[in-house]
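Engineer: My questions will all concern the structure given below.
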Amino acid sequence: MHTVSALPGNTYAAAAAPAPRFDIYVFIHKALREFMHHTVAAVGAMDVDDAGERADVCDQVELLLATLRGHVQHENDFIHTAIEARRAGGAAETAGDHVEHLEAIANLEDETHALRCAAPAQRTMLALRLYRHLAAFVGENLLHMQVEETRNNASLWALYRDDELVELHGRLMATIPPQEMAMTVRWLAVALSVPELAILFADLRAKAPPPAVEALLGVVRGQVSAPRWARLAQAIGRQP
C-alpha cells in the first residue's frame with residue numbers, strides 16, 4: 001500500500017523537468033481515472049430497486065473491471081518487460097501491485113454479480129458493499145498510477161530513448177482491437193485537453209485507416225460539448 005507522503009513528484013522542484021520526455025502513461029491513465037471516478041459515482045447514486053438502472057450500473061462496473069484487467073496485462077507485457085530487460089527488478093514494485101489488483105478485480109466482479117442477482121431485501125446492503133470496496137480499489141489504483149508515472153517513468157527515461165519508447169507504445173497500441181479502442185477513446189474524449197486530443201488524433205491519422213479515424217472522431221463528438229468539439233476540429237484542421 002502506498003502513501004502520498006512516500007511518493008516522489010510532490011514538490012514543485014521535482015516537477016520542473018529540464019525537457020519533456022515521451023510519457024507512455026499519461027493519456028491512458030487520464031482516461032482510466034475518469035472511467036473509475038464516473039463508475040464509483042454511478043454505483044453510489046444507483047437506485048437499487050430500479051431494475052434497468054441496476055443492470056446498467058452493473059454493466060458499467062464489469063466493463064471497468066475488464067478494462068483494468070486488460071490494462072494490467074498491457075503494462076505487464078510491454079512496459080514491465082521493457083524495464084526488466086534493462087534493469088532486473090526495476091518493475092518489481094508495480095508488478096507486485098498488479099498481482100493484488102487482479103485479485104481485487106476478481107472479488108469485485110463477484111460482488112457485482114451478487115448485486116445484479118440479489119433479492120430485494122439484500123440489494124441496498126450489497127450495493128453499499130460494492131460502492132465502498134470499489135472506492136477503496138480506485139483509491140489504491142490512483143496511488144499506484146502515481147508510482148508508475150514517477151518511478152516507472154524515471155526508469156524508462158533512464159533506460160530508453162524517446163524513439164524507442166514511441167516504438168514500444170506503437171507495438172502496444174497495435175494489440176488493441178477496434179472495440180476496445182472505441183471504448184477507450186470515449187473516456188479520452190472527456191479526460192484529455194483539446195491540445196492532447198489533437199496530438200492523439202495526429203498519431204491515429206498517421207497509423208490508422210481514415211474510416212477508423214473518422215469512427216473514433218465520431219465517438220469523441222458524441223461525448224463533448226459543441227464548443228469543445230469546435231476547438232478540436234480547428235486544432236486538427238477539419239470543419240466542425
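Engineer: How are the C-alpha pair distances of the chain spread across 10 Å bins, as whole percents from the shortest bin up?
Structural biologist: Going from the shortest bin to the longest, the percentages are 7, 27, 32, 25, 8, 1.
Engineer: If Lys207, Lys30 are ordered by their accessible area, calculated over protein heavy atoms with a 1.4 Å probe, which sequence runs from highest to lowest?
Structural biologist: Numbers: Lys207 120, Lys30 65 Å².
Solvent-accessible surface, decreasing: Lys207, Lys30.
Engineer: How large is ³J(HN,Hα), in whole Hz, for each residue of region 201-209 in order, when computed from phi with the Karplus curve 6.51 cos²θ - 1.76 cosθ + 1.60 and θ = phi - 60°, using x for Gly and Pro?
Structural biologist: 6, 5, 5, 5, 4, 6, 10, 10, x
Engineer: Now for a different question. Would you list the P(r) distribution for region 74-135, with all Cα-Cα distances sorted into 5 Å bins from 0 and each bin expressed as a whole %?
Structural biologist: Histogram of Cα-Cα distances, whole percents per bin: 4, 17, 19, 14, 11, 10, 10, 8, 5, 3, 1, 0.
Engineer: Determine ³J(HN,Hα), in whole Hz, for all residues of region 148-156 in sequence, where each value follows from phi through the Karplus function 6.51 cos²θ - 1.76 cosθ + 1.60 and θ = phi - 60°; x replaces Gly and Pro.
Structural biologist: After applying 6.51 cos²θ - 1.76 cosθ + 1.60, I find 4, 6, 10, 5, 5, 4, 4, 5, 4 Hz.
Engineer: Once phi is turned into ³J(HN,Hα) by the Karplus curve 6.51 cos²θ - 1.76 cosθ + 1.60 with θ = phi - 60°, what whole-Hz value does each residue of region 63-77 show in order, with x for glycine and proline?
Structural biologist: Each residue's phi maps through the Karplus curve to give 5, 4, 5, 5, 5, 5, 4, x, 5, 4, 5, 4, 5, 4, 6 Hz.
Engineer: What are the principal axis extents of the Cα atoms in region 31-132, in Å, biggest first?
Structural biologist: 54, 22, 16
Engineer: Moving on to the next point. Roll a 1.4 angstrom probe over the protein heavy atoms and tell me the percent of accessible area of the chain that is carbon or sulfur.
Structural biologist: Working: 7300 of 12170 Å².
Carbon and sulfur: 60 percent of the exposed surface of the chain.
Engineer: Next question. At what distance in angstrom do the alpha carbon centres of region 110-152 and region 25-79 lie from each other?
Structural biologist: About 9 Å separates the Cα centre of region 110-152 from the one of region 25-79.
Engineer: State the volume of the convex hull built on the alpha-carbon positions of region 112-172, expressed per residue in Å³ and rounded to an integer.
Structural biologist: Value for region 112-172: 90 Å³ per residue.
Engineer: Ok, one more. Please give the per residue accessible area of the chain, computed with a probe of 1.4 Å over protein heavy atoms only, in Å².
Structural biologist: Values: 12170 Å² over 240 residues.
So the chain comes to 51 Å² accessible per residue, rounded to a whole number.
The values are calculated or read from the model by the stated rules, or taken from the named source; none is laboratory data. Just so it is clear, the model here is predicted, and its values are computed rather than measured. These accessible areas exclude ligands, DNA and RNA; they are computed on the full protein's heavy atoms, side chains included. Shrake-Rupley method; radii C 1.70, N 1.55, O 1.52, S 1.80 Å.
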